[in-house]
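Visitor: The structure's right below; bear with me while I get my questions together.
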């Protein structure tokens, strides 16, 4: 603190000379004048003194025969005097320091830690609903209460905490551990779809079907009730029942349809998000038909996120054209869509000319596990 006091007061390096300059030490001590770093050099005493104390010297040196000479000037007053014509520099510095002081009272970066299944965007959206977001005053955040509210909004989170370090808010979360299937509960396996049984692999329970059987949705495939000579047991049914299922699909392809053809024109526009203030770096809006692709880049400094984001939006222009096709090409297009959109073997398919286009009605055959677990419910009679 003494150093700062001397710096803002201004420090002079001076030399005292004359008849017995050593008398200076006694004179300064007697009059309360502080000097430091005093040393004797070539019959002169060189030392440091503040500007305030230097102004007291003329009175005590007038009749002493000692003279003083200033050799160096240091400190804030002399720095200001040197750059007094650059007042704007100091005003700018003061405004900048004030800006930093004000901005330090806000949260500018929100970071999510500990999540795997729950996305960052879902957690950030929930936090924003609670008023916890970039640009909010730190004093308005109740870390404990807001963390509890976050857990109520997202059921998949088991624990959460909000930690503020500087202007960065870290949301630490722990996700709910998925419960394993409880094998102690008695249950059946029932059919989720209609089908023909193709393969059976049951490790627990009383299997009620065999390969080749036709089952309907909801039928019990494996019972959790096992009866034998020793009595009745209730078990948790475990197994896989593979069945051949059929799915009906219908697709349409018009003879005359509107399609978008890329023109080759691509334009990218940028915007900067500076302390939650979004500033577009472009003017005007785009006209015509186009699709867009957006990206966001968060700037970093020494691996630390900054409250500055760069938004880029790519405009891909196109034009609408009417394309007319015939029956054969429509059928070909439907065949391609059927192969791309649906998996499974085609059992039957039928093409119908509707006048406006072609309609494809098909039946697809697939093999899948249709066994789903259903807990047994017991009722106790009076």
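Visitor: If I go through segment 6-26 residue by residue, how many of them are surrounded by 15 or more Cβ atoms within 10 Å (Cβ to Cβ), more than 60 Å from the chain's Cα centre (by Cα) and assigned to a loop (DSSP other than H, G, I, E, B)?
Guide: 1
Visitor: What number of residues within segment 348-368 satisfy the criterion of being within 30 Å of residue 241 (Cβ to Cβ), surrounded by 14 or more Cβ atoms within 10 Å (Cβ to Cβ) and out of contact with any helix residue (DSSP H, G or I) (no Cβ under 7 Å at 6 or more places or on another chain)? Reasoning before the result, please.
Guide: Initially, segment 348-368 is screened for residues within 30 Å of residue 241 (Cβ to Cβ), giving 348-349, 361-368.
Keeping just the survivors that are surrounded by 14 or more Cβ atoms within 10 Å (Cβ to Cβ) gives 349, 362-368.
With out of contact with any helix residue (DSSP H, G or I) (no Cβ under 7 Å at 6 or more places or on another chain) added as a condition, the list becomes 349, 363-368.
Residues meeting the conditions: 7.
Visitor: For residue 209, state whether it is modelled with pLDDT of 90 or more and not in a strand (DSSP E or B).
Guide: On the way: modelled with pLDDT of 90 or more: yes; not in a strand (DSSP E or B): yes.
For residue 209, the condition - modelled with pLDDT of 90 or more and not in a strand (DSSP E or B) - is met.
Visitor: Here is a further query. Is there a residue being at pLDDT below 80 and either surrounded by fewer than 12 Cβ atoms within 10 Å (Cβ to Cβ) or touching a helix residue (DSSP H, G or I) at 6+ places or on another chain (Cβ under 9 Å) (or both) anywhere in segment 56-70?
Guide: Pass one, segment 56-70, residues at pLDDT below 80: 63.
Those still in the list that are either surrounded by fewer than 12 Cβ atoms within 10 Å (Cβ to Cβ) or touching a helix residue (DSSP H, G or I) at 6+ places or on another chain (Cβ under 9 Å) (or both) too: 63.
The answer is yes; a qualifying residue exists.
Visitor: Considering segment 75-109 alone, what residues qualify as being in a strand (DSSP E or B) and touching a helix residue (DSSP H, G or I) at 6+ places or on another chain (Cβ under 8 Å)? Steps first, please.
Guide: First pass over segment 75-109, keeping only residues in a strand (DSSP E or B): 106, 109.
The answer is 106, and nothing else.
Visitor: Also: Give the residue, chosen from 297, 254, that is at pLDDT 90 or above and within 30 Å of residue 109 (Cβ to Cβ).
Guide: Details: 254 fails: within 30 Å of residue 109 (Cβ to Cβ).
None of the others qualify; the one that does is 297.
Visitor: Go through 102, 91, 35, 60 for me and flag whichever is touching a residue at least 24 places away in the same chain (Cβ under 8 Å) and either touching a strand residue (DSSP E or B) at 6+ places or on another chain (Cβ under 8 Å) or outside the structural domain of residue 135 (by TED's automatic domain parsing) (or both). Show your work before the answer.
Guide: Working: 102 fails: touching a residue at least 24 places away in the same chain (Cβ under 8 Å); 91 fails: touching a residue at least 24 places away in the same chain (Cβ under 8 Å); 35 fails: touching a residue at least 24 places away in the same chain (Cβ under 8 Å).
Exactly one residue qualifies, and that residue is 60.
Visitor: Here is a further query. I'd like to verify a number: residues in segment 356-382 that are over 30 Å from residue 215 (Cβ atoms) and modelled with pLDDT of 90 or more, how many?
Guide: Counting residues in segment 356-382 that are over 30 Å from residue 215 (Cβ atoms) and modelled with pLDDT of 90 or more gives 4.
Visitor: If a residue has to be within 44 Å of the chain's Cα centre (by Cα), free of Cβ contacts under 8 Å to residues at least 60 places away in the same chain and loosely packed, with under 14 Cβ neighbours inside 10 Å to count, how many in segment 313-340 make the cut?
Guide: Qualifying residue count, segment 313-340: 4.
Visitor: What's the number of the condition residue 257 fails, among (1) without any contact (Cβ under 8 Å) to a residue 60 or more places away in the chain; (2) in a strand (DSSP E or B)?
Guide: Failed condition: (1).
Visitor: Looking at (1) touching a strand residue (DSSP E or B) at 6+ places or on another chain (Cβ under 7 Å); (2) surrounded by fewer than 15 Cβ atoms within 10 Å (Cβ to Cβ); (3) in contact (Cβ under 8 Å) with a residue 60 or more places away in the chain, which one does residue 305 not meet, given that it meets all the others?
Guide: (2)
Visitor: Got a number for residues in segment 214-238 being at positive phi and touching a strand residue (DSSP E or B) at 6+ places or on another chain (Cβ under 7 Å)? So that I can check it myself, show each step before the final result.
Guide: If we filter segment 214-238 for residues that are at positive phi, which is where we start, we get 218, 231.
Add one more test, that the residue is touching a strand residue (DSSP E or B) at 6+ places or on another chain (Cβ under 7 Å), and what stays is 218.
Of the residues in that region, 1 qualify.
Visitor: Taking segment 110-149, which residues are part of a loop (DSSP other than H, G, I, E, B) and either loosely packed, with under 14 Cβ neighbours inside 10 Å or touching a helix residue (DSSP H, G or I) at 6+ places or on another chain (Cβ under 8 Å) (or both)?
Guide: Within segment 110-149, 115, 116, 117, 119, 130, 131, 132, 133, 135 qualify.
Visitor: Next question, about the same structure. Given the criterion under 30 Å from residue 306 (Cβ atoms), touching a strand residue (DSSP E or B) at 6+ places or on another chain (Cβ under 9 Å) and surrounded by 12 or more Cβ atoms within 10 Å (Cβ to Cβ), identify the matching residue among 211, 266.
Guide: Values: 211 fails: under 30 Å from residue 306 (Cβ atoms).
Just a single option satisfies the conditions, and that option is 266.
Visitor: Here are some residues: 52, 82. Which one is surrounded by fewer than 11 Cβ atoms within 10 Å (Cβ to Cβ) and under 59 Å from the mean Cα position of the chain (by Cα)? If you could, list the steps in order and put the result at the bottom.
Guide: On the way: 52 fails: surrounded by fewer than 11 Cβ atoms within 10 Å (Cβ to Cβ).
The match here is 82.
Visitor: Test residue 343 against the stated conditions and say whether it is modelled with pLDDT of 90 or more and loosely packed, with under 11 Cβ neighbours inside 10 Å.
Guide: Numbers: modelled with pLDDT of 90 or more: no; loosely packed, with under 11 Cβ neighbours inside 10 Å: yes.
Spelling it out, it is not the case that residue 343 is modelled with pLDDT of 90 or more and loosely packed, with under 11 Cβ neighbours inside 10 Å.
Visitor: Separate question: Does residue 175 qualify as being under 30 Å from residue 136 (Cα atoms), modelled with pLDDT under 95 and surrounded by 15 or more Cβ atoms within 10 Å (Cβ to Cβ)?
Guide: Values: under 30 Å from residue 136 (Cα atoms): yes; modelled with pLDDT under 95: yes; surrounded by 15 or more Cβ atoms within 10 Å (Cβ to Cβ): yes.
Against the criterion (under 30 Å from residue 136 (Cα atoms), modelled with pLDDT under 95 and surrounded by 15 or more Cβ atoms within 10 Å (Cβ to Cβ)), residue 175 qualifies.
Visitor: For segment 220-239, name all the residues that are surrounded by 15 or more Cβ atoms within 10 Å (Cβ to Cβ) and either under 44 Å from the mean Cα position of the chain (by Cα) or part of a loop (DSSP other than H, G, I, E, B) (or both).
Guide: 224, 235, 236, 237, 238, 239
The values are calculated or read from the model by the stated rules, or taken from the named source; none is laboratory data. None of these values were measured; they are calculated from a predicted model. Counting neighbours? That spans all protein chains shown, and the Cβs are built from the backbone with ideal geometry, glycine included.
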